[in-house]
Each structure stands twice: as C-alpha cells, then as structure tokens.
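These notes concern the structure reproduced below.
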Amino acid sequence: MAGQGARALAYGLGSVLIGVTLARRGLLLARHGDRFGRRRAYRLLFVAMALAGTVFALTGWLPALVAAALTGTVSTDVIESGPFTSLEQAMLPHVAGEQDTTRLFGTYNTVATLAGSLGALTALLGSSPQWLLAYPVAAAAALLATARLSSAVELGRELDAEPLPPLHRSRGIVLRLSALFALDSFGGGFVPQTFIAYLFVRKYDASPQTIAVVFFAIGLLQALSFQGAVWLASRIGLLRTMVFTHLPSNVLLAAIAFAPNLRAAIALLLARSVLSQADVPARQAYVVAVVDPSERTAAAAYTNTARYLTRPLAPLLAGAALRGGLGLPFLLAGLFKSVYDIGLYTLFRRIPTDQTATSAGTRAAVT
C-alpha cells in the first residue's frame with residue numbers, strides 16, 4: 001500500500017505534465033514473473049521507474065524518451081499502471097487470508113487515487129519538466145517501504161510442482177476478459193485526462209488552475225466510489241457492481257459532448273467520476289477470483305496488457321473525430337464502453353468464481 005501510494009503521488013503529477021500514456025511491458029511478467037520472483041521483479045520495476053522518470057525530467061532527446069517509456073514504469077494513470085498493477089494484483093490476494101479481497105482492492109485503489117490527486121494538485125506549483133524528478137524520489141521512497149515485503153507474496157510451493165503454462169486452466173476465460181477489457185480501454189482512450197483538459201481549454205477557455213482543481217476533486221470522488229463499490233459488491237456481487245455502475249457512467253460521459261458551458265461540463269464529469277471507477281476494485285477482485293491462485297500473475301498481466309495495447313489507437317481516431325466536433329470523442333467513448341458493459345454481463349453472468357478469493361458476504365452473489 002505504501003509503495004502504491006508513493007508511486008501514485010508521482011503519477012498524479014505526471015498526469016498533468018505528460019501528454020500521453022506510454023507503452024507497458026506486462027507480458028514479460030505474465031510469462032516469467034512468478035519464477036523470477038515477485039519481490040525481485042517489483043523492486044526492479046521501481047529502479048526502472050526512477051531511471052525513466054529522471055530521463056523525462058532531464059532530456060528531450062527522443063530516443064532516450066522512447067527507451068524510458070518502454071520500461072512501462074512512467075505512467076499518467078494512477079490506478080492501473082502496467083506491470084506494477086499486474087504484480088500487486090497477484091500479491092495482495094495471495095497474502096489476504098480471510099480478508100475480503102474486494103475491500104482490500106478498494107483500499108488499494110483509494111490509496112492510489114488520493115495520492116494521485118495530491119500529485120495532480122502539486123502541479124499548481126509549477127510545470128517545469130524538472131518536476132518529474134518526483135519519479136525517482138517516489139521510487140526511492142517505495143523501495144524503502146517495500147524492503148520488508150515477506151516471502152508470503154511469492155507464489156510458493158506451487159512452483160516446485162511440474163511446470164505448467166502461465167494459464168493452464170483459465171486460458172479461455174482470460175482471453176475473453178482481455179478482449180473485453182481491451183474494448184473498454186479503447187473507448188477510454190478517446191477521452192484521456194489530457195484530452196479532457198484540452199477540451200475544457202479549447203471549448204470553454206478553462207484555466208490550468210481550474211483543470212488541476214477539477215482533477216483533484218475527481219480523485220476524491222473516485223476514492224469515495226471505491227468504498228461504495230465494496231459495499232455494493234457485498235450485496236449484489238462483483239459482476240453486477242462492475243456493470244451496473246459503469247454503464248450509467250458512460251451515459252454521463254457521452255452527455256459531456258452536449259454541455260453548454262464549463263460549469264455543466266464539470267458537473268457532468270464529476271457526476272461520472274462518482275461511478276466510472278467503482279468497477280475497478282470489483283474488476284480486480286473478479287479477475288483473481290475466476291482463475292486458479294497459480295494463474296493470478298499471468299491473468300492480471302494479460303488482462304492489464306490488453307488494456308494498454310488498444311489504448312494508444314483510440315487517440316489517433318479521436319484526433320480525426322475532432323473534425324466532427326470537439327464533443328464527438330466523448331460520444332464514441334460512451335458507445336464503445338457501453339458495448340463492453342453489455343458484453344461483459346452477457347458472457348460472464350453464469351461463470352463461477354473461486355470462492356476463497358472473495359469474502360463471505362460477496363460469495364453468494366459474485367456471479
């Protein structure tokens with residue numbers, strides 16, 4: 001949790017200063033993360049984050065920036081940040097014992113959102129690239145915080161048995177989830193935070209200070225929604241929580257295209273923020289609940305990587321869609337993400353889950 005908080009603080013700052021979300025390398029973790037060692041891989045990622053952040057802060061040389069970006073550790077997304085998330089999503093439930101996994105992921109994402117909001121607000125102090133030296137500072141703090149991670153986070157004795165493929169039982173389930181998550185991410189790629197900031201400036205003449213405060217408020221609302229999702233999942237189940245919060249949020253997203261002024265646009269964006277991320281802890285808990293414990297690292301890595309593979313494509317189309325109006329990307333995003341919600345519920349409403357991965361309160365309704 002401390003490592004996540006330190007990292008999210010830097011990522012929140014980066015969400016204002018970096019124009020695009022860059023590529024991740026989650027597949028390496030899917031194939032080799034458990035055997036290489038989760039703790040070892042986790043710490044190496046923080047070292048890579050420190051180096052990559054330093055590169056972004058100190059140079060504009062394109063080859064160096066590309067190399068730094070391809071480490072997958074320089075993110076503008078405080079909640080789901082590539083290979084880090086894949087490891088954490090596998091480690092947390094592995095040591096959770098009898099704890100409610102959904103509640104655990106709710107706290108995990110709340111830490112990220114609050115720290116990321118603080119990082120975004122820090123951008124009010126200045127916009128010099130040198131501020132990105134916050135990345136190595138945060139990485140160093142996270143390395144200190146995670147130095148005492150116990151061996152309990154490792155996969156354990158399962159590795160002593162006959163080697164199995166990373167996905168040996170749940171390949172079909174993970175592939176279907178990956179395809180759906182890719183569609184959701186593709187829709188979200190039409191309206192990343194940087195584009196929302198662009199729209200507010202171009203269409204409504206919003207100031208950078210206003211945008212920073214709005215993004216800070218979004219983070220606070222999302223933190224509340226994570227806790228609300230935990231409560232809701234215990235009553236209606238993980239899958240229903242994912243779909244029944246996400247679908248109406250997409251209607252609000254599409255409505256931003258028709259906002260007549262800045263106040264209306266901000267109101268719709270904030271209303272959407274209450275719902276749009278409520279599915280995140282439920283989704284993370286759901287992924288680890290529908291696969292074997294030995295498949296969690298691979299399942300998290302494949303589903304997270306699928307989200308990042310399609311995300312860079314959407315801004316290219318969004319740029320072309322701007323010719324039809326500044327609001328058109330919002331309409332397209334709402335449409336694609338709604339198709340994801342309907343497809344997810346249709347395909348998975350009868351899929352059983354690993355009962356040990358969820359709390360007793362969630363078990364009865366998890367499917």
Residue tally, condition open to solvent by less than 10 Å² (accessible area, probe 1.4 Å) and not in a helix (DSSP H, G or I), over the stretch 266-294: 3
Residue in the stretch 162-218 that is farthest from A115 (Cα to Cα), counting only those that are open to solvent by 50 Å² or more (accessible area, probe 1.4 Å) and among the aromatic types (F, W, Y): Y198
Positions within the stretch 167-198 being free of Cβ contacts under 8 Å to residues at least 40 places away in the same chain and either in a loop (DSSP other than H, G, I, E, B) or among the charged types (D, E, K, R) (or both), in sequence order: R171
Qualifying position, being open to solvent by less than 50 Å² (accessible area, probe 1.4 Å), touching a residue at least 60 places away in the same chain (Cβ under 8 Å), in contact with a Gly (Cβ under 7 Å, 6 or more places away or on another chain) and more than 17 Å from A197 (Cα to Cα), among V243, V230, V251: V230
Condition broken by V111, with the remaining ones in (1) touching a helix residue (DSSP H, G or I) at 6+ places or on another chain (Cβ under 9 Å); (2) surrounded by fewer than 24 Cβ atoms within 10 Å (Cβ to Cβ); (3) more than 26 Å from I211 (Cα to Cα) satisfied: (3)
Any pair with Cβ under 7 angstrom, 6 or more apart, that starts in the stretch 268-295 at a residue that is touching a residue at least 24 places away in the same chain (Cβ under 8 Å) and ends at one that is open to solvent by 40 Å² or more (accessible area, probe 1.4 Å) and among the basic types (K, R): D292/R169; E295/R169
Identity of the residue in the stretch 67-76, open to solvent by 30 Å² or more (accessible area, probe 1.4 Å) and assigned to a loop (DSSP other than H, G, I, E, B), that ends up modelled with the highest pLDDT: T71
Residue list for the stretch 311-331, restricted to those being open to solvent by less than 50 Å² (accessible area, probe 1.4 Å) and closer than 13 Å to P192 by Cα: R311, A314, A318, G319, P329, F330
Hits in the stretch 83-101 - residues which are acidic (D, E) and within 16 Å of the chain's Cα centre (by Cα): E88
Of all residues making up the stretch 1-35, the number that are open to solvent by 30 Å² or more (accessible area, probe 1.4 Å) and either farther than 17 Å from H94 by Cα or modelled with pLDDT of 90 or more (or both): 15
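A quick yes/no check of all residues on (1) under 22 Å from the mean Cα position of the chain (by Cα); (2) assigned to a helix (DSSP H, G or I):
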{"residue": "F200", "(1), (2)": "no, yes"}
{"residue": "A206", "(1), (2)": "no, no"}
{"residue": "I211", "(1), (2)": "yes, yes"}
{"residue": "I218", "(1), (2)": "yes, yes"}
{"residue": "Q227", "(1), (2)": "yes, yes"}
{"residue": "W231", "(1), (2)": "yes, yes"}
{"residue": "F244", "(1), (2)": "yes, yes"}
{"residue": "S249", "(1), (2)": "yes, yes"}
Search result, residues across the stretch 118-133 that are of a type in the set (A, V, I, L, M, F, W, C) and open to solvent by less than 30 Å² (accessible area, probe 1.4 Å): A120, A123, L132
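The values are calculated or read from the model by the stated rules, or taken from the named source; none is laboratory data. Model, not experiment: these values are computed from the prediction. When we count neighbours, we look across all protein chains shown, and the Cβ atoms used for this are built from the backbone with ideal geometry, even at glycine. The protein model used for the area step is the full one, side chains on, heavy atoms only, and it has no ligands, DNA or RNA in it. Shrake-Rupley method; radii C 1.70, N 1.55, O 1.52, S 1.80 Å.
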